[in-house]
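The values are calculated or read from the model by the stated rules, or taken from the named source; none is laboratory data. Since the structure is predicted, the reported quantities are computational estimates derived from the model, not experimental observations. As a convention, Cβ positions derive from the backbone with ideal geometry for all residues, glycine included, and neighbour counts pool all protein chains shown. Side chains are part of the model used for accessible areas, which takes the heavy atoms of the whole protein and leaves out ligands, DNA and RNA. Shrake-Rupley method; radii C 1.70, N 1.55, O 1.52, S 1.80 Å.
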Amino acid sequence: MVSTRSASGLSSLPQQTAAAASRSKRKAAPEPSTAQKKVRPNGTNTVTPLAAVLSFDFEEAKQHLINADARFEDLFSKMPCKPFVHLEQVHPFRALATSILGQQISWKAARSINHKFIRLFDQTIPEDPDYAKGESATSFFPSPQQVVATDLATLRTAGLSGRKAEYIHDLAARFVDGRLSTQKLLEATDEELSEMLIQIYGVGKWTVDMFSIFSMRRPNILPVADLGVQRGVLRWFLSLHSPTYSINISPDKVKSAEEKKAEAKTTHEGKGKGKGKKGKTKANEDALPVFGEASGTPPEITADDVSSVPPGPASVSPPKDGRNQIEEVSAQAELASMPTPFTPSINRTLNAVKGSNVPPLPDGLTVNMLKSRLDPKKKIKGAILTPKEMEDLTEPWKPYRSLAVFYMWSLLEEN
């Protein structure tokens with residue numbers, strides 16, 4: 001009996017196998033494309049993050065700046081130096097990729113494209129770009145390996161231009177083949193870091209400086225090509241040397257979030273007319289990057305690497321009243337690391353040091369010369385201050401220029 005059952009069972013195996021195969025074939029789903037696959041683990045885990053620590057003594061840095069210019073003490077009390085106070089892990093590939101995606105477009109457009117880009121690799125994420133409000137340094141982001149394995153045509157379906165798709169591909173390839181790594185970034189000097197990053201397609205000096213400040217938290221970076229920093233530096237030193245000078249803060253810079261949102265809605269509804277060649281504004285060929293301006297549109301510039309999103313931490317912390325910071329219309333309020341503009345009371349701080357405590361201006365610069373540079377017609381090839389003038393004026397800030405630069409973005413004057 002045993003052998004009969006055994007023989008009977010063996011003889012039925014071919015039929016059972018065939019039936020199972022048939023059922024399996026009927027249930028099998030088509031192989032998803034690379035862009036449709038839900039890829040895990042999280043890509044942010046494939047590249048070692050930059051630790052949430054400083055490479056220098058923050059209190060010592062503050063005291064150095066206060067000794068160089070006593071007005072800094074009031075600035076530190078008015079506003080935290082966020083890149084060096086609110087420390088978070090930064091994923092270098094994600095920070096650089098997100099910044100590239102935001103080049104030369106508004107912050108809102110950048111958020112939309114970034115969200116679509118992420119969804120290429122995980123379609124379980126909702127399509128609604130508002131979902132991006134909850135993104136943080138630990139939320140899903142594709143790995144360099146995943147990006148390299150995706151063709152350019154697929155990347156462009158997320159809204160990337162052909163050039164940006166190539167930039168992202170090149171960035172990812174450098175992390176995959178080892179030309180870039182967290183360890184190499186950490187071990188590089190400021191000069192070596194610049195040389196390393198400048199080799200990436202789509203990355204220029206502006207991105208290098210922003211990455212150095214907001215991601216690497218390097219203490220002595222001076223973005224000499226950033227027009228916003230130039231304006232701030234000029235106003236900072238002009239107010240020190242000219243008792244009659246004061247910054248005229250525009251009412252638009254200090255409006256409430258509700259007022260800004262209402263105006264942005266009105267502006268948005270008025271768009272759409274006059275598109276095409278007639279609707280385009282010719283960019284000033286000499287114009288330099290203006291980062292930190294309270295605007296939802298990209299500055300008119302020719303530098304390819306300027307982005308509405310600085311390469312820094314991905315997370316956004318909600319304010320105390322529970323509203324999400326991203327709801328703010330001001331691009332500055334939406335960017336977690338950027339400072340908000342000072343109110344008119346900042347003039348009391350700027351004019352606080354006078355008399356014998358004022359160091360002389362560098363050779364070749366005078367008060368009248370600085371005042372004249374506020375006239376757009378007096379710019380030097382689009383610059384308010386030359387790189388050498390920037391270096392000379394901020395010499396006393398070394399080796400902690402980055403901290404001082406952060407506050408220069410807040411000195412926004414009425415245009």
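Couple of notes before you dig in:
- Sequence ranges 205-212, 216-223, ranked by mean other-Cβ count within 10 angstrom, highest first: 205-212, 216-223
- A cut-off of 5 Å between modelled amide H atoms, ignoring neighbours fewer than 5 places along the same chain, links Val203 with no other residue.
- With θ taken as phi - 60° and the Karplus curve 6.51 cos²θ - 1.76 cosθ + 1.60 applied, the whole-hertz 3J(HN,Hα) list for segment 371-381 is 4, 5, 5, 6, 7, x, 6, 9, 5, 9, 6 Hz, x standing for glycine and proline.
- Between the amide H of Leu50 and those of Val90, His91, distances stay under 5 Å, these residues lying 5 or more places away or on another chain, with hydrogens modeled in the peptide plane.
- Annotation: peptides 370-378, 82-90, ranked by per-residue average of other Cβ atoms within 10 Å with the highest first, follow the order 82-90, 370-378.
- For the listed peptides 72-78, 55-61, a ranking on the average number of other beta carbons within 10 Å per residue, highest first, reads 72-78, 55-61.
- Ligands, DNA and RNA left out, the accessible area of segment 89-216 computed with a 1.4 Å probe is 50% carbon and sulfur.
- Pairs from the list Lys62/Lys388; Lys205/Lys377; Lys62/Lys377; Lys78/Lys388; Lys371/Lys398 with a Cα-Cα gap above 28 Å: Lys62/Lys377; Lys78/Lys388.
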